[in-house]
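Enquirer: Dropping the structure in here first, questions after.
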Amino acid sequence: MSTCEFMCLNGEIVPYKDAKIHAFSAVVKYGLGVFEGLRGYWNAVRKELYVFRLAEHIERLRFGMKVMRYDSIYEAAYLEDCLIRMLRVNDMRENCHIRMIAYVDGDDELTVTGPVGLVIGTLKRPHRKSIETGIGMTVSSWQRIADNALPPRVKCTANYVNNRAAELHAKLDGYEGVLMLTADGKLSEASGACVFLVRQGRLITPDVGSDILESITRDTMIVTAREALGLPVDERRVDRTELYAADEVFLCGSGQEVTPVIAVDRLAIGNGKPGPITRRVQDHYFKLVKGEIADHSDWRTAVWHRN
Ligand SMILES: Cc1ncc(COP(=O)(O)O)c(C=O)c1O
């Protein structure tokens, strides 16, 4: 899997090889980028590609630019236009992943705030096998970054040094994924996804004060669990050992979609297989993102049949 041929750099469609920024730009020197990872879903019956929750991803990107005190913040309409043009020029007609990065391009000292740049690219991405099989995870000895240090609520590229350290360590130890705890030892999130537990028919997820990214998929889970699946959801602090006590655990995120977790720290979750509630949540999610059910049509931005 590799990035498609055309990217959008500062509003211009350019070949992948020409999407370049200076080696001394602030994003290289200090990690001054904010980004979004989104998915596009192909509906073969309607011959349509739907970008899922584009408006919310754009708003989170703009929020990140504000908190990072960028010189200027792109208009939402401009961001949407760049993304749609990039998908169209690549003739994207299958499931894909999209990345948008807004960055500080200036070569200056640490407090530099501009000029601001924008790059958007995509790659074809089918579902991962792990959504069927589930994954075994560990709880990291790396602590989740704290809101008053490197705010996880801001999807800043520099934050991901934390996630990378935890993920690499876990993979070297033979796990397929990693969960992190807050400074006070409560469950936070996975390296690129939020986490839900199922206990006695209730969904439980760490609250937004648990040093998580305010995940758009997490919000989708909460809304659809309550509205469409009739499942109660608790957003609260979660202990590490509640993971071990859970009937089911799953991850959610644009990239991870809905991924069952079948073991944590080599302790089986439930019977060690993806559970029935996780399967219901997955089934509903995949129908929703592809537009196979009509609910929340405002969450799906059509790429090909637009006014
Ligand atoms: C650290 C982290 N948490 C959670 C998520 C899930 O967020 P979203 O559902 O908005 O994609 C992501 C990325 O996608 C992430 O990087």
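The values are calculated or read from the model by the stated rules, or taken from the named source; none is laboratory data. As the structure is a prediction and not an experimental result, all values here were calculated from the model. FYI the Cβ positions are ideal-geometry reconstructions off the backbone, even for glycines, and counts take in every protein chain you see.
Enquirer: Which residue pairs have Cβ atoms closer than 8 Å, lie 6 or more positions apart in sequence or on different chains, and pair a first residue in the range 159-173 that is away from the ligand (no atom under 15 Å from the Cβ) with a second residue that is among the polar types (S, T, N, Q)?
Expert: Once the first residue is away from the ligand (no atom under 15 Å from the Cβ) and sits in the range 159-173, its partners that are among the polar types (S, T, N, Q) give H169/S140; H169/S141; D173/T138.
Enquirer: Please find, within the range 36-49, the residue that is nearest to I120 (Cα to Cα) out of those that are surrounded by 15 or more Cβ atoms within 10 Å (Cβ to Cβ) and more than 9 Å from the ligand (Cβ to nearest atom).
Expert: The selected residue is G40.
Enquirer: Can we say Y70 is farther than 29 Å from A302 by Cβ and surrounded by 20 or more Cβ atoms within 10 Å (Cβ to Cβ)? Steps first, answer last, please.
Expert: On the way: farther than 29 Å from A302 by Cβ: yes; surrounded by 20 or more Cβ atoms within 10 Å (Cβ to Cβ): yes.
Judged against the criteria, Y70 is a match.
Enquirer: Give E189, E214, E242 a once-over and let me know the one that is surrounded by fewer than 21 Cβ atoms within 10 Å (Cβ to Cβ), assigned by TED's automatic domain parsing to the domain that holds P151, of a type outside the set (K, R) and within 11 Å of the ligand (Cβ to nearest atom). Break it down into steps so the answer makes sense when it comes.
Expert: Values: E189 fails: surrounded by fewer than 21 Cβ atoms within 10 Å (Cβ to Cβ); E242 fails: within 11 Å of the ligand (Cβ to nearest atom).
It is E214.
Enquirer: Considering only the range 13-60, how many residues are part of a strand (DSSP E or B) and either under 19 Å from Q256 (Cα atoms) or in contact (Cβ under 8 Å) with a residue 40 or more places away in the chain (or both)?
Expert: First, the residues of the range 13-60 that are part of a strand (DSSP E or B): 13-15, 33-43, 48-52.
Next, from what is left, pick out any that are either under 19 Å from Q256 (Cα atoms) or in contact (Cβ under 8 Å) with a residue 40 or more places away in the chain (or both): 13, 33-43, 48-52.
So the count comes out to 17.
Enquirer: Further, regarding this structure: Restricting to the range 196-211, and then to whatever is surrounded by 18 or more Cβ atoms within 10 Å (Cβ to Cβ) and within 14 Å of the ligand (Cβ to nearest atom), can you tell me which residue is nearest to H57 (Cα to Cα)? Give the derivation first.
Expert: Initially, the range 196-211 is screened for residues surrounded by 18 or more Cβ atoms within 10 Å (Cβ to Cβ), giving 196-198, 203-206, 210-211.
Next cut, within 14 Å of the ligand (Cβ to nearest atom) only: 196, 205-206, 210-211.
On the way: F196: 21, T205: 21, P206: 21, S210: 21, D211: 19 Å.
Among residues in the range 196-211 that are surrounded by 18 or more Cβ atoms within 10 Å (Cβ to Cβ) and within 14 Å of the ligand (Cβ to nearest atom), the one nearest to H57 (Cα to Cα) is D211.
Enquirer: Which members of the range 58-93 meet the condition of being of a type in the set (V, I, T) and within 18 Å of V154 (Cβ to Cβ)? I'd like the intermediate steps shown before the answer.
Expert: Initial filter on the range 58-93 (of a type in the set (V, I, T)): 58, 67, 73, 84, 89.
Within the range 58-93, I58, V67, I73 meet the criteria.
Enquirer: Follow-up. Please go through the range 128-138 and give me each residue that is surrounded by 19 or more Cβ atoms within 10 Å (Cβ to Cβ) and among the β-branched types (V, I, T), ordered by number.
Expert: Selection gives I131, I135, T138.
Enquirer: Does P274 satisfy the condition of being touching a Ser or Thr at 6+ places or on another chain (Cβ under 6 Å), away from the ligand (no atom under 11 Å from the Cβ) and not in a helix (DSSP H, G or I)?
Expert: Working: touching a Ser or Thr at 6+ places or on another chain (Cβ under 6 Å): no; away from the ligand (no atom under 11 Å from the Cβ): yes; not in a helix (DSSP H, G or I): yes.
Considered against the rule, which asks whether it is touching a Ser or Thr at 6+ places or on another chain (Cβ under 6 Å), away from the ligand (no atom under 11 Å from the Cβ) and not in a helix (DSSP H, G or I), P274 comes out as no.
Enquirer: Moving to a separate point now. Are any residues in the range 245-266 surrounded by fewer than 19 Cβ atoms within 10 Å (Cβ to Cβ) and more than 16 Å from I212 (Cβ to Cβ), and if so, which ones? Break it down stepwise before answering.
Expert: So the first thing to find is which residues in the range 245-266 are surrounded by fewer than 19 Cβ atoms within 10 Å (Cβ to Cβ), and the list is 245, 247, 255, 265-266.
Those that are surrounded by fewer than 19 Cβ atoms within 10 Å (Cβ to Cβ) and more than 16 Å from I212 (Cβ to Cβ): A245, D247, D265, R266.
Enquirer: Which strands (runs of 3 or more DSSP E) sit wholly inside the range 176-255 and have at least 2 residues that are over 15 Å from M137 (Cβ atoms)?
Expert: Working: elements: 177-181, 187-190, 194-199, 202-206, 233-236, 248-253.
Strands (runs of 3 or more DSSP E) meeting the threshold: 194-199, 202-206, 233-236.
Enquirer: So, in the range 84-100, how many residues would count as being touching a helix residue (DSSP H, G or I) at 6+ places or on another chain (Cβ under 7 Å) and within 15 Å of E12 (Cα to Cα)? Steps first, answer last, please.
Expert: If we filter the range 84-100 for residues that are touching a helix residue (DSSP H, G or I) at 6+ places or on another chain (Cβ under 7 Å), which is where we start, we get 98, 100.
Next, from what is left, pick out any that are within 15 Å of E12 (Cα to Cα): 100.
Result for the range 84-100: 1.
Enquirer: Is one or more of the residues making up the range 160-182 closer than 23 Å to E59 by Cβ and small (G, A, S)? Steps first, please.
Expert: Pass one, the range 160-182, residues closer than 23 Å to E59 by Cβ: 160, 163.
Now drop any that are not small (G, A, S), which leaves none.
No, because not a single residue in the range 160-182 is closer than 23 Å to E59 by Cβ and small (G, A, S).
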